[in-house]
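Below: one structure, written as structure tokens.
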């Protein structure tokens, strides 16, 4: 829809990479009333237009973050929550992932105390909307900085019905959960997300997951999946010597659900945590290839980093999570847990030195922000396992961690160029502690890696982060530089774009992002973020 009164802008003499995957061409692009008026021609009239010289720069569609948690922060007035994403060229978020939803709950739930139990909403614990209609209406009224399409979170909807009760739901509970999820989709949610490694998603059985997939298929929407395991061994499956790797079991489980139900699927943040998991990479891709050859509509997403953010309780197996918080003080449970974690460390090649505290979320833990569990244990002259338990218990599981050794260079490069991979950040701004480096450098790091390793042609990389993402998530009128589509545009220097973050300097701004426009409004100009520009739109599905 045209928005009269917005500036007419001419992006002149750039390299047009239009998001379709077609070969780039030299040309210009004209924006009028928030839409693309023309593209590719070099002879646009410059009268009454703001002219921006893009010589040597790529003009592309705005980047789409295929896995985001920014739904929790779109209502926040502080520009710090969204400006780093504009600074890396992102114009649209796909939010509500990993089973954590911001709306679609039982009204007057007796389990409200459990619902803030998420590191995705620290500082926003009381921000909930019973319906997506109310949430989207508030975003419309107040204005937002970016575009957003949003999943309904199975985990939080389930929590509003049964708390963290382990085991399957009964018939009445299942019916209410499905009713609330369907209502959320009818009100504009783009589908349902699962968080199968977190409470309460970890307790959902195959019957429950199949019913959710059938519902999502009926509504012609998307099922987003945080799998049960991303390591060769986990607490989600029985630990059988010489058995199939757990991350492969998790992928197979959900691909089979998609095959049986026909649901469209996004398998979230495909990572291979720990050195022993790296050897499963090629097999994992073959599982996706086989499912796709049998008609499954599925993609996955990745970043170009070897670390990611989680919460500390995600380290624990299902049986231990089901007995929290009492399990923290049960000697027999702790003995069993210590043995199993010891097996995991040996079995996956991921240890206490790979768990870095990003934010302790407790005054006793915060002094150790930036330190690994092993470093803290040495500083306090404690056993690393006891240190882990003490931090988890003290923070009630809310400590935010950065996990390292998520993949090696071979896997990173393989994922970036894999035909069925989209790109994402899986990041959000935190007012305290270390940031996820993907918050500032995610998409620049992807483009930098692709350039340095010569993995893809630039039009192929841009297609993955724009047109291909728009197609898969059914985001209309975006993702391509075509006449009458929304003027979501990123202009970047292909030879200079890079990520500048490090393990301990996680917030440094990238280089190479020159200009960003969202619905025709400029949010980045000559590399400078224009904070507070409410240019975004709610993209109801």
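The values are calculated or read from the model by the stated rules, or taken from the named source; none is laboratory data. Computed from a prediction, not measured in an experiment: that's the story for all the values here. Heads up, the Cβs are rebuilt from the backbone with ideal geometry, glycines too, and the neighbour counts pull from every protein chain shown.
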For the condition within 24 Å of residue 234 (Cβ to Cβ), in a helix (DSSP H, G or I), in contact with a helix residue (DSSP H, G or I) (Cβ under 8 Å, 6 or more places away or on another chain) and in contact (Cβ under 8 Å) with a residue 12 or more places away in the chain, what is the one hit in 344, 374?
374
For the range 155-180, which positions are touching a helix residue (DSSP H, G or I) at 6+ places or on another chain (Cβ under 6 Å) and in a helix (DSSP H, G or I)?
155, 157, 158, 159, 161, 162, 173, 176, 177, 178, 180
Can you pull out the strands (runs of 3 or more DSSP E) entirely within the range 422-541 that have at least 1 residues that are out of contact with any helix residue (DSSP H, G or I) (no Cβ under 9 Å at 6 or more places or on another chain) and at positive phi?
none
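Looking only at the range 256-281, count how many residues are assigned to a helix (DSSP H, G or I), closer than 22 Å to residue 403 by Cα and touching a helix residue (DSSP H, G or I) at 6+ places or on another chain (Cβ under 9 Å).
First pass over the range 256-281, keeping only residues assigned to a helix (DSSP H, G or I): 256-261, 275-281.
From what is left, the residues that are closer than 22 Å to residue 403 by Cα are 275-281.
Then drop every residue that is not touching a helix residue (DSSP H, G or I) at 6+ places or on another chain (Cβ under 9 Å), which leaves 275-278, 280-281.
Result for the range 256-281: 6.
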How about the range 377-421: which of its residues are touching a residue at least 40 places away in the same chain (Cβ under 8 Å) and in a loop (DSSP other than H, G, I, E, B)?
395, 396, 397, 398, 399, 404, 405, 406, 407, 408, 418, 420
Check the range 207-220 and report whether any residue there is within 27 Å of residue 400 (Cβ to Cβ), touching a strand residue (DSSP E or B) at 6+ places or on another chain (Cβ under 9 Å), at pLDDT 95 or above and surrounded by 21 or more Cβ atoms within 10 Å (Cβ to Cβ).
no
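Per-residue answers, yes or no, for (1) in contact with a helix residue (DSSP H, G or I) (Cβ under 9 Å, 6 or more places away or on another chain); (2) farther than 18 Å from residue 62 by Cβ; (3) outside any strand (DSSP E or B):
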{"residue": "6", "(1), (2), (3)": "no, no, yes"}
{"residue": "14", "(1), (2), (3)": "no, no, no"}
{"residue": "20", "(1), (2), (3)": "yes, no, yes"}
{"residue": "23", "(1), (2), (3)": "yes, yes, yes"}
{"residue": "29", "(1), (2), (3)": "no, no, no"}
{"residue": "37", "(1), (2), (3)": "no, no, no"}
{"residue": "44", "(1), (2), (3)": "no, yes, yes"}
{"residue": "47", "(1), (2), (3)": "no, yes, yes"}
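Would you please name the residue that is farthest from the chain's Cα centre (by Cα), looking only at residues in the range 353-371 that are crowded, with 19+ Cβ neighbours inside 10 Å and assigned to a helix (DSSP H, G or I)? Can you show your working first?
At the first step, the residues of the range 353-371 found to be crowded, with 19+ Cβ neighbours inside 10 Å are 354-361, 365, 368.
So of that shortlist, the ones also assigned to a helix (DSSP H, G or I) come out as 354, 368.
On the way: 354: 21, 368: 26 Å.
Out of the qualifying residues, it is 368.
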Residues of the range 110-133 being at pLDDT below 60 and part of a loop (DSSP other than H, G, I, E, B), in sequence order, are 116, 117, 118, 122, 123, 124, 125, 126
Hey, among 107, 48, which residue is at positive phi, out of contact with any strand residue (DSSP E or B) (no Cβ under 9 Å at 6 or more places or on another chain) and modelled with pLDDT under 95?
48
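Among the residues of the range 18-27, is there at least one that is surrounded by 23 or more Cβ atoms within 10 Å (Cβ to Cβ), more than 22 Å from residue 140 (Cβ to Cβ) and more than 28 Å from the chain's Cα centre (by Cα)?
no
Within the range 238-255, identify whether any single residue is in contact (Cβ under 8 Å) with a residue 24 or more places away in the chain, part of a loop (DSSP other than H, G, I, E, B) and either touching a strand residue (DSSP E or B) at 6+ places or on another chain (Cβ under 9 Å) or within 24 Å of residue 472 (Cβ to Cβ) (or both), and answer yes or no. Before the answer, list the steps.
Applying the first criterion (in contact (Cβ under 8 Å) with a residue 24 or more places away in the chain) to the range 238-255 yields 239, 245, 247-248, 250-255.
Among the residues that remain, those that are also part of a loop (DSSP other than H, G, I, E, B) are: 239, 245.
Still in the running and either touching a strand residue (DSSP E or B) at 6+ places or on another chain (Cβ under 9 Å) or within 24 Å of residue 472 (Cβ to Cβ) (or both): none.
Within the range 238-255 (the criterion being in contact (Cβ under 8 Å) with a residue 24 or more places away in the chain, part of a loop (DSSP other than H, G, I, E, B) and either touching a strand residue (DSSP E or B) at 6+ places or on another chain (Cβ under 9 Å) or within 24 Å of residue 472 (Cβ to Cβ) (or both)), the answer is no, since none of the residues qualifies.
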Looking for something touching a helix residue (DSSP H, G or I) at 6+ places or on another chain (Cβ under 7 Å) and assigned to a strand (DSSP E or B) - is there at least one such residue anywhere in the range 78-92?
yes
So residue 242 clears everything in (1) surrounded by fewer than 21 Cβ atoms within 10 Å (Cβ to Cβ); (2) on the phi < 0 side of the Ramachandran plot; (3) modelled with pLDDT under 95 except one condition, right? Which one?
(2)
